[in-house]
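Take a look at the structure below.
The values are calculated or read from the model by the stated rules, or taken from the named source; none is laboratory data. Just so it is clear, the structure is predicted and the values come from calculations on it, not from any experiment. Reconstructed Cβ throughout: ideal geometry from the backbone, glycine too, with neighbour counts over all protein chains shown.
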Amino acid sequence: MTSGASSPTYPARPRRSRLRTLLPLGVAAWLVLEIWLLLLVADAAGGLAVFLLLVAGLVGGAAVVKRAGRRAFANLSESLQRGAPPQSGGANGLTMLAGLLIMLPGLLSDVVGLLLLVPPVQKAVSAYTERTIDRKLRAAVPGALGDAFQQARMRQPDGKVVPGEVVQDDGPGSPHDADGDRPPLTG
């Protein structure tokens, strides 16, 4: 039996991107594969061997991250002493990523992290990343980033944005010019 009331119509939800749909599935598959590999190694070599592998990965990854961080800091301080702009730190960033992957518990992440430490692989990944970022920036709508900041600014809790201009009269006799001195900044 119907009551005669119309059912509410909701606006169509925007479609989720493929990345937002497949990323959680990929992470879940990665975790299952990591656990399966650890169980295989534990079955073949024993639990102590797996524990030692995990500890070695943690220590080795921390050493790689520390070394890459020191190298990045040295490059930055050297370029600042020369007065030149800092160079891009793509290799240091990939080395840090490799160290973080090695630190993660699991054998597959260790293999990927160790592969990222190989210089030809680093160059290939860096070149691919630069090409991808350059292509995305070229495809971006001009002014989209500024518009995003403007929209974020407009969505403050009170929702009020008042366009205006601040004019401060600093001429003689103004309240800010008492006896020619400015009041001390306190705060």
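Quick check on residue 12: is it modelled with pLDDT under 90 and among the aliphatic types (A, V, I, L, M)?
yes
Residue-by-condition table, conditions (1) surrounded by 11 or more Cβ atoms within 10 Å (Cβ to Cβ); (2) without any contact (Cβ under 8 Å) to a residue 12 or more places away in the chain; (3) not acidic (Asp, Glu):
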site: 30; (1), (2), (3): yes, no, yes
site: 34; (1), (2), (3): yes, no, no
site: 39; (1), (2), (3): yes, yes, yes
site: 44; (1), (2), (3): no, yes, yes
site: 48; (1), (2), (3): no, yes, yes
site: 64; (1), (2), (3): yes, no, yes
site: 69; (1), (2), (3): yes, no, yes
Need pairs with beta-carbon distance below 7 Å; first residue farther than 29 Å from residue 38 by Cβ and within segment 109-131, second surrounded by 13 or more Cβ atoms within 10 Å (Cβ to Cβ); sequence gap 6+ or separate chains. 126/90; 126/91; 126/94
